[in-house]
Amino acid sequence: MIGERIKAFRKLHNLSQVEFSTALGISQGHLSEIEKGNSKPSADTLIACFKA
């Protein structure tokens, strides 16, 4: 699941949800929903994840 991979990436880089969501330009709540699998990230968010 993509949300689990995003969460693992965030934790690997020792970032909080607030720090990572700010870097991605999305809300912390939206990032939380993505990580839980309740929401799907946009293509732009996915690209930003690996550039952050």
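A short reminder: the numbers here are calculations on the coordinates, not readings from a lab. Small disclaimer: the values here were computed from a predicted structure and weren't measured. Cβ atoms come from the backbone with ideal geometry, glycine included; neighbour counts cover every protein chain shown.
A single entry from 32, 39 fulfils the requirement of being assigned to a loop (DSSP other than H, G, I, E, B) and among the polar types (S, T, N, Q): 39. Checked against (1) assigned to a loop (DSSP other than H, G, I, E, B); (2) touching a helix residue (DSSP H, G or I) at 6+ places or on another chain (Cβ under 8 Å), residue 51 passes all but a single condition, namely (2).
So that you can scan it fast, the table gives a plain yes or no per residue for (1) surrounded by 15 or more Cβ atoms within 10 Å (Cβ to Cβ); (2) free of Cβ contacts under 8 Å to residues at least 12 places away in the same chain; (3) of a type in the set (Val, Ile, Thr):
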site: 4; (1), (2), (3): no, no, no
site: 20; (1), (2), (3): yes, no, no
site: 29; (1), (2), (3): no, yes, no
site: 32; (1), (2), (3): yes, no, no
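The residues in region 34-47 that are surrounded by 11 or more Cβ atoms within 10 Å (Cβ to Cβ) and more than 9 Å from the chain's Cα centre (by Cα) can be counted, and the count is 7.
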